[in-house]
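Worksheet: one structure, shown below.
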Amino acid sequence: QVQFMESGGGLVQPGGSLRLSCTVSGSIFGYDAVGWYRQAPGKQRELVAAIYKTGPTKYADDVKGRSIASADSGMKSVSLEMNNLKPEDTAVYYCYAREDFRGGSEYWGQGTQVTVSS
């Protein structure tokens, strides 16, 4: 029911930049958190950045300082700008949203591949 439209993945050279974009729809409740997760081969899925209806944006330690997440005021779209990309950033990136009610369900998109390689 909750649907994601993810874009922006691709092949980037080390030191380069990219922007991931996502729109989420399908819930009449809206969302109180949107962001991006990633999963590299052989590793666990981890939060990259999340924006909340209230409170500060959360970033993974490895991307803090070189990434900027932003969302529209309706909390239905989110973008992630990543700079100075490293091979370790190579992963499938998944858009994320949490429905806006107590105990709200969490959802992830189908994922978009980001490959950082020379």
Considering only the stretch 15-25, I want to know if a residue exists there that is over 15 Å from Ser79 (Cβ atoms) and among the hydrophobic types (A, V, I, L, M, F, W, C).
no
Suppose we keep only residues that are within 27 Å of Thr115 (Cβ to Cβ) and aromatic (Phe, Trp, Tyr) within the stretch 1-39. Which one would you say is least open to solvent (accessible area, probe 1.4 Å)?
Trp36
Write out, first by first residue and then by second, each pair whose Cβ atoms fall under 7 Å of each other, whose residues are 6+ apart or on separate chains, and whose first residue, in the stretch 5-31, is at negative phi while the second is open to solvent by 40 Å² or more (accessible area, probe 1.4 Å) and among the aliphatic types (A, V, I, L, M).
Cys22/Met5; Thr23/Met5
The conditions are (1) closer than 19 Å to Glu99 by Cα; (2) modelled with pLDDT under 95, and Ser70 fails exactly one of them. Which is it?
(2)
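The values are calculated or read from the model by the stated rules, or taken from the named source; none is laboratory data. Only a predicted model underlies this, so the values are computations on that prediction, with no experimental measurement involved. Glycine also receives a Cβ, built like all others from the backbone with ideal geometry; neighbour counts cover every protein chain displayed. Protein only, heavy atoms only, side chains kept; ligands, DNA and RNA dropped before computing areas. Shrake-Rupley method; radii C 1.70, N 1.55, O 1.52, S 1.80 Å.
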